[in-house]
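*Asks:* Have a look at this one before I ask anything.
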Ligand code: SIN
């Protein structure tokens, strides 16, 4: 990528024609090389399992992107054993050397930006800016955790001493074998961020990507391999059922885990870990039901653009997606009209093509969920726009806006993870806040108002980990490492510490207080 062009989730349009040229070339190259077989990577060796599974693109269900390994219990156990065997050497590797290797991995990710983003676009259905952003974010997350190690001098700090004979220190040390189970929606950033953080802190990693995104997982693995991460320090295992993931979750040899995905699975992991003989850390990021409140003092153009981008970007399949809007009664009609005008202009189609901002949803089961939920919404509410699937050879659906859904309807609280937004009006801001907070989740939230007191009120009262005020590039979406820490409260996150933040990498280490008296 030319040095001055940087794509983040806030980038509204391709910033340079060269970016489109390079992306188009990478897509052509990727499409010419489909259908290969990809291994797992355990203890520095490629491994083929007895069975494989096909990865089919959601953009075109006739396109088999590749054949991936259906790992067995033994493969997961071997990966964990390899990580255990490599731990001693890796933890004793000076942290400066670990930082150097991980910085090299981040640079390789940046060098391979277009090739990785092209595959991801076909694999997930992300548009080019979202896919480029995901790859860039991965490199930035890894660099950010390296920066944190450097800024804190490897997290070794001299403490106060009782006398000249006392030498007191606090040291953060790695736990051991760390599992990373990543989701399909940010298949690079939510795999590379946690694994990079875990490794720079001195842990060894067993990584299992989502079944829908093994290809991006493999590309990330090759960046670590080529950067010189030693054998056994990073292991990649794939599977198409529950076997590999469950073996990892059940293994007492795993010392900690980072999981990003649904509330149900996240809570299952937290409960499973809680039942083990010894306490073990779980970093779980478990989704959202993110509200945006729009005051009658809002700039409605900003609000409509911000909501449209957050509700429908990546087909509503971001944990941070805006799925609920509470708008002041006085401005509801005007806001709705603006949102409708913007939504009607969205092109849905092959996301590798520049003109399409929305691609398909991830798979058949999600496509079926969309049809089920939109039928329920049409029955109880007023579908202002969308609600239909498209007659294309992939899992394409319309962005959907729903009004007049009764307050008691369960879909006000259920995370649909689809491009569906429901809208309600309010008269009093406190009433809107009560509704906004009345869900189990607390990941992101947006507010639009030009009034400073109202802004303070919002920041004081909303129960969520990531807040945005008057953000037209994304009412509730688009955090970037070092700029916005990304993590949830309540049912959205287990540790209260966010990714890409000042407090993240420390979670991969436990503290040791050392007192030496001479
Ligand atoms: C996500 O992890 O779901 C999205 C990140 C963001 O939009 O801030």
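The values are calculated or read from the model by the stated rules, or taken from the named source; none is laboratory data. All of these numbers come straight from a predicted model, not from anything done at the bench. Neighbour counts run over all protein chains shown; Cβ positions are idealised from the backbone, glycine included.
*Asks:* Would region 455-464 turn up any residue that is buried (at least 20 other Cβ atoms within 10 Å of the Cβ), within 15 Å of the ligand (Cβ to nearest atom) and not assigned by TED's automatic domain parsing to the domain that holds residue 179?
*Replies:* yes
*Asks:* Also, quick follow-up: Looking only at region 220-245, which residues are surrounded by fewer than 21 Cβ atoms within 10 Å (Cβ to Cβ) and either modelled with pLDDT of 95 or more or more than 24 Å from residue 73 (Cβ to Cβ) (or both)?
*Replies:* Taking region 220-245 as the starting set, the residues that turn out to be surrounded by fewer than 21 Cβ atoms within 10 Å (Cβ to Cβ) are 222, 225-228, 230-231, 240-243.
If the condition is that a residue be surrounded by fewer than 21 Cβ atoms within 10 Å (Cβ to Cβ) and either modelled with pLDDT of 95 or more or more than 24 Å from residue 73 (Cβ to Cβ) (or both), then 222, 225, 226, 227, 228, 230, 231 are the ones that fit.
*Asks:* Ok, one more. Quick one: residue 484 ticks every box in (1) away from the ligand (no atom under 16 Å from the Cβ); (2) free of Cβ contacts under 8 Å to residues at least 24 places away in the same chain except a single one, so which number is it?
*Replies:* Residue 484 satisfies every listed condition except (1).
*Asks:* Sticking with this structure for a sec: Within region 39-55, is even one residue in contact (Cβ under 8 Å) with a residue 60 or more places away in the chain, in a helix (DSSP H, G or I) and surrounded by fewer than 17 Cβ atoms within 10 Å (Cβ to Cβ)?
*Replies:* Taking every residue of region 39-55 in turn, none turns out to be in contact (Cβ under 8 Å) with a residue 60 or more places away in the chain, in a helix (DSSP H, G or I) and surrounded by fewer than 17 Cβ atoms within 10 Å (Cβ to Cβ).
*Asks:* Across region 316-331, what is the number of residues that are more than 12 Å from the ligand (Cβ to nearest atom) and either modelled with pLDDT under 95 or in a helix (DSSP H, G or I) (or both)?
*Replies:* Of the residues in that region, 3 qualify.
*Asks:* Let me ask you something else. Having 1 or more residues that are free of Cβ contacts under 8 Å to residues at least 60 places away in the same chain is the bar; report the strands (runs of 3 or more DSSP E) wholly within region 121-220 that clear it.
*Replies:* Filter on region 121-220 gives 156-158, 204-208.
*Asks:* Something else about it: Within region 16-38, does at least one residue satisfy the condition of being within 22 Å of residue 364 (Cα to Cα) and not in a helix (DSSP H, G or I)?
*Replies:* yes
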